[in-house]
Amino acid sequence: MGAIGLSAIQGARIGGARQIIAVDVLEHKLMSARHFGATHTVNATDGDPVEAIKELTNGGVDYSFEAIGLKQTVLQAFNCIAVEGTATVIGLMPVGETIELEGRMLFRGKYQGSMMGSNRFRIDMPKYLEFYRRGRLLLDEMITRRGRLHDIHEAFRAMENGEVIRTVLTFGD
């Protein structure tokens, strides 16, 4: 539940999703997900997240979004969709990484990638700006730390350790 995952949560909330399930391994990130719109959370260290999601939904979700780009989580996103569901991979997987699916999975749902949010910039950006202006798209709340450009190494360390959602660095002293 980093910035990309939390953005997907907000998109689902703004879009009117009835049930929004966030998955992470860190409890503080799951708490953040609730703040941004998740109705349910699953800690992936507590067991199989796919089974937990299927139990919460009586068989699977209509839409899943994978935001970190790991083979294991991509497969989990595919495996937790309901029949005729759609799994969207947002996270960039390492170059050369492959995914293997059972043949029957091809007939179960739709699988797609998303590049730069797959947005239609001229149409979507004005909508996003209006959501922000009306307080529906929470961008300021995603900034959990601020610093100066010389703090860049600390900012990367905090990001890699899951301590922040987003850090904003500014130029100057």
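Listing for the model above:
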quantity	calculated
Residue in the range 61-80 that is among the polar types (S, T, N, Q), touching a Phe, Trp or Tyr at 6+ places or on another chain (Cβ under 7 Å), touching a residue at least 24 places away in the same chain (Cβ under 8 Å) and surrounded by fewer than 20 Cβ atoms within 10 Å (Cβ to Cβ) present	no
Scan of the range 28-51 for residues that are touching a residue at least 12 places away in the same chain (Cβ under 8 Å), of a type in the set (A, V, I, L, M) and not in a loop (DSSP other than H, G, I, E, B), ordered by number	L30, A33, V42, A44, V50
Tabulated pairs, the range 1-22, first closer than 16 Å to A77 by Cβ, second of a type in the set (K, R), C-beta under 6 angstrom, 6+ apart or interchain	M1/K29
Only one of R145, R108 that is in contact with a strand residue (DSSP E or B) (Cβ under 8 Å, 6 or more places away or on another chain) and closer than 27 Å to S32 by Cβ	R145
Checking F78 against (1) within 19 Å of A12 (Cα to Cα); (2) among the hydrophobic types (A, V, I, L, M, F, W, C); (3) in a loop (DSSP other than H, G, I, E, B), the condition it does not meet	(3)
The one condition in (1) closer than 21 Å to A87 by Cβ; (2) modelled with pLDDT of 90 or more that M115 fails to fulfil	(2)
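The values are calculated or read from the model by the stated rules, or taken from the named source; none is laboratory data. Not measured: the values here are computed from a predicted model. Quick reminder, even Gly has a Cβ in these numbers, built from the backbone with ideal geometry, and neighbours come from all protein chains shown.
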